[in-house]
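The values are calculated or read from the model by the stated rules, or taken from the named source; none is laboratory data. Everything quoted here is computed from the prediction, not taken from an experiment. Neighbour counts run over all protein chains shown; Cβ positions are idealised from the backbone, glycine included.
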Amino acid sequence: MNLAFRDVRHNLFRFLLTCLGLGLLMTVVLAMMGIYNGLVADALNIVKAPQADLWVVEAHTQGPFAEASKIPNDTRDAVARLYGVTQAGSITYQTVEAAFEGATLRLYVIGYERGRPGGPQTITEGRGLQASHFEMVADSKTGLTPGETLMLGRNRFAVVGLVRDTMNSGGDPAVFLTLADAQVLQTQLAPPAARVQAARGGTAPGGATVAALIARLDPSVDPRSVAQTVRQWKHLSALTQAEQEDILIQSVVDKARKQIGLFLGILLTVSAVVIALIIYTMTMEKLKQIATLKLIGAPDRVIIGLIVQQSVALGAVGLTLGLGLILLVKDYFPRRVLLEPVNALALTGIILVVCVLASGLGVRAALKVDPATELGG
Amino acid sequence: MLDDSRRVIVEIKSVAKHYGEGDARVDALRNLDLKVHAGEVVALLGPSGSGKTTLLNIIGCIIDPSEGQVSLDGEMVYDNKWLRGDLRRLRLDKIGFIFQAHNLLPFLNATDNVALVLQLAGKTAAQAQARAVELLAYLEVGNRARAMPALLSGGEAQRVAIARALANSPRIILADEPTAALDSKRAGIVMDLLRKLAAEQEACIIAVTHDEKILDRFDRLFNLRDGRLEDIIGDAR
């Protein structure tokens, strides 16, 4: 006879309500885990998307994701001629805001050279850029769909295709333009400002610069040796793909990552305390019944089983509810919530340990119960 | 009259129980002797704090005497120390408890409350269920076998509690105010039932009671005062 199951069945509504509360707490824990993963994955996605082996950037800078980097447009030709380089392409990055259907879209604009590295890898809907101007491929998080148009700067761009999960470390969804369009967007002044600039005898700022240059290498070539060669040109620096990813994680998203990580730690601690409190309270409410069980001869293992099994059941149902809930709502979060099976497994392990430890408090209280209390004087 | 040739089920010799030491010492029981035979139904009377519950707890192997000897069903279980390691098993095998407020487990139905004790003693689920149903029918609450304790009347719940106390055919039944929650008529019925069971199972029943309406149902009445069995009223019947 399973006493834990019978007790749960007897107080089913209350048990489920407790599980729901715990489930909501687990949803928050899982959401934080997902946001943490999403933050890192999003940051890395944008670096991994071009499938680069080498990033050529402005000398003494950490590359376009960490700080401003400007290199001459024609650097690409020089790099492309280096030994081991099979493909090279210029790329620009900038964040812009655009009005769309009464709202303001914040976009991460990536300019690249068609037919060269740096463009979108997998088009999920529509097609890639084919025209030299005024076409864009957008991340689905922008809410844009193929066929729609959007004013960027002084030009209207048609959305021709969609990609997924491409955004910067701030969570702004990416749009891909041709390099030429992106450079115009970067440098083009509003008409009044352009007139003032012309009246002062100046020229349009910027000129032919890009943020970085992406190079793909022959597999037999060590990227570090090519990077070393590039660094010999004093106005340039070079980062291997691994270095670029490290910079992104260590410097760009590090604070946000630590912040979320710390919050996750606090949340797990709070969950552990809440679980312990629930289980302890559940046990305290059963002390009279536990005393009766002791008096009629139930061994300790029966009493321990009653508490531990209920505790684990509470954790398991709460976790299942939490998982179900987060899977239902994760796509409604403004930032990507990325849940891996390993997260669910890790949380299962943590909750199991917490439940067993928490039930230890209840078990301790239960084993202290004096059966004599059942025979009143 | 009592037949003293009957087997002694509970024998207590020179049992004392005190709490605290020195000036703070309180003697709950002093040098107490008691013999209860098979089939006997005895009552422990006395004012509150006289030591009735302490005596019941000692016979039930729940608290340690400070000194003396306790024999249950022919087995010496305490001789200035417990001679059995597993007192809960001893209780399971030899002692049945009936409480003032039935104390049925609220999450088990009537049958399961009785079957639990049997399963704890090692019976299979099927055997335990069959015996529980049989006992409940015998105690005339078979029609309430699937009812949860909260849905039982006071009399029904007390009968289920008696069935639980009797499930493992214990030799000793300890009852703490078994009729306190019942009206006179039901109290009489429950006491008659206990007398019948004691006779049939050759068990002894020791009950703490204040209920004067049922005193005529006991074979012997013991009056406890200041920790002493100072007045054996004798065979009340």
Residues in segment A:1-15 that are aliphatic (A, V, I, L, M) and exposed (fewer than 15 other Cβ atoms within 10 Å of the Cβ) total 1
Could you say which residue among A:54, A:105, A:20 is of a type outside the set (D, E, K, R) and closer than 19 Å to residue A:140 by Cβ? A:105
Give the residue, chosen from B:73, B:79, that is away from chain A (no Cβ under 11 Å) and on the phi > 0 side of the Ramachandran plot. B:73
How many residues are within 14 Å of another protein chain (Cβ to nearest Cβ) and either surrounded by fewer than 16 Cβ atoms within 10 Å (Cβ to Cβ) or of a type in the set (A, V, I, L, M) (or both) when one looks only at segment B:50-70? 7
Are there helices (runs of 4 or more DSSP H) fully within segment B:112-226 with at least 3 residues that are within 17 Å of the chain's Cα centre (by Cα)? List them. B:154-166, B:184-201
Pairs returned, first residue in segment B:148-165 that is modelled with pLDDT under 90, second residue that is part of a helix (DSSP H, G or I) and basic (Lys, Arg), beta-carbon separation under 7 angstrom, 6 or more apart or interchain, are B:155/B:186; B:156/B:144
Scanning segment B:165-222 for residues that are out of contact with any Ser or Thr (no Cβ under 8 Å at 6 or more places or on another chain) and among the hydroxyl-bearing types (Ser, Thr, Tyr), the one farthest from the other protein chains (Cβ to nearest Cβ) turns out to be B:184
Selection within segment B:208-234 - in contact with a Phe, Trp or Tyr (Cβ under 9 Å, 6 or more places away or on another chain) and at pLDDT below 80: B:231, B:232, B:233
From the set of residues in segment B:88-102 that are facing chain A (nearest Cβ under 7 Å) and either touching a Leu at 6+ places or on another chain (Cβ under 8 Å) or in a helix (DSSP H, G or I) (or both), which is surrounded by the fewest Cβ atoms within 10 Å (Cβ to Cβ)? B:89
Looking only at segment A:83-124, count how many residues are closer than 16 Å to residue A:183 by Cβ and either in a loop (DSSP other than H, G, I, E, B) or not assigned by TED's automatic domain parsing to the domain that holds residue A:209 (or both). 5
Quickly run through segment A:1-56 and pick out the residues that are outside any helix (DSSP H, G or I) and either modelled with pLDDT of 90 or more or within 14 Å of another protein chain (Cβ to nearest Cβ) (or both). A:1, A:2, A:11, A:53, A:54, A:55, A:56
Tell me, which helices (runs of 4 or more DSSP H) wholly within segment A:240-326 include 1 or more residues that are surrounded by fewer than 15 Cβ atoms within 10 Å (Cβ to Cβ) and within 32 Å of the chain's Cα centre (by Cα)? A:241-247, A:254-285
Looking at A:97, A:135, A:113, which one is without any contact (Cβ under 8 Å) to a residue 24 or more places away in the chain and within 29 Å of residue A:56 (Cα to Cα)? A:97
Among the residues of segment B:1-50, write down those that are over 27 Å from residue B:195 (Cβ atoms) and part of a loop (DSSP other than H, G, I, E, B). B:20, B:21, B:25, B:49
So for segment B:33-49 (the condition being facing another protein chain (nearest Cβ under 9 Å), within 28 Å of residue A:282 (Cβ to Cβ) and not hydrophobic (A, V, I, L, M, F, W, C)), does at least one residue qualify? no
Kindly indicate whether any position in segment A:50-59 is under 16 Å from residue A:214 (Cα atoms) and under 20 Å from the mean Cα position of the chain (by Cα). yes
